[in-house]
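Data first, discussion second: the structure below is written as structure tokens.
The numbers here are math on the coordinates, done by the rules we state, and not lab data. From a predicted model like this one, the values you see are computed outputs, not experimental measurements. Cβ coordinates were reconstructed from backbone atoms using ideal geometry, including for glycine residues, and neighbour counts include every protein chain displayed.
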């Protein structure tokens, strides 16, 4: 994996981790390789208030905390695979991956 790819993915993981702390009150992170050792996968799960509208939250410039609004969408752009599962009152799980 190139140094640029590692840095990009580390930035994505950092942003999602920060979101879990700031918006979700903390959470758990799992890091693992897929079955064929082709992708490094990271899952960040929190039990916070959840995201009411994931599509809106992923849009460029959308913010609930006065930031730049690049968090979720930016993390997606820096990853090869990216999924968000969330529901109001049930927390948020973000799964992301990078090809090795």
### Query
Which distance in Å, rounded to a whole number, links the C-alpha centroids of the range 72-100 and the range 1-64?
5
### Query
Once fully extended, how much extra length lies between residue 52 and residue 77, figured as 0.36 nm per residue of separation less the alpha-carbon to alpha-carbon distance?
6.9 nm
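Rounded, prolate or oblate: which fits the chain, taking a ≥ b ≥ c as square roots of the Cα gyration tensor eigenvalues, rounded meaning a/c under 1.5, else prolate when a/b beats b/c?
The shape class here is prolate.
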### On Cα atoms only, tilt of 3-24 relative to the major axis of the chain in degrees
30
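What does the C-alpha gyration tensor say about the overall shape of the range 1-42? Classify as rounded when a/c is under 1.5, otherwise prolate if a/b is larger than b/c, or oblate.
Working: a/c = 4.95, a/b = 1.55, b/c = 3.19.
Oblate, since a/c reaches 1.5 and b/c is not below a/b.
Can you give the extra length, in nm with one decimal, that the chain gains between residue 60 and residue 2 once fully stretched, where that is 0.36 nm per residue apart less the Cα-Cα distance? Spell out each step's value before the answer.
Details: separation 58, 0.36 × 58 = 20.88 nm, distance 2.71 nm.
Answer, rounded to one decimal: 18.2 nm.
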### Message
Below 8 Å between Cα atoms, with a sequence gap of 6+, how large is the relative contact order for the chain in percent?
### Response
33
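Given only helices, namely DSSP H runs of n ≥ 4 each adding -39500 (n - 2.57), what is the per-residue ellipticity at 222 nm of the chain, to the nearest 500 deg cm²/dmol?
Helix contribution divided over all residues of the chain: -10500 deg cm²/dmol.
Ranking 32, 39 by Cβ neighbours within 10 Å, fewest first, what do you get?
Details: 32 11, 39 16.
Fewest-to-most ranking of 32, 39: 32, 39.
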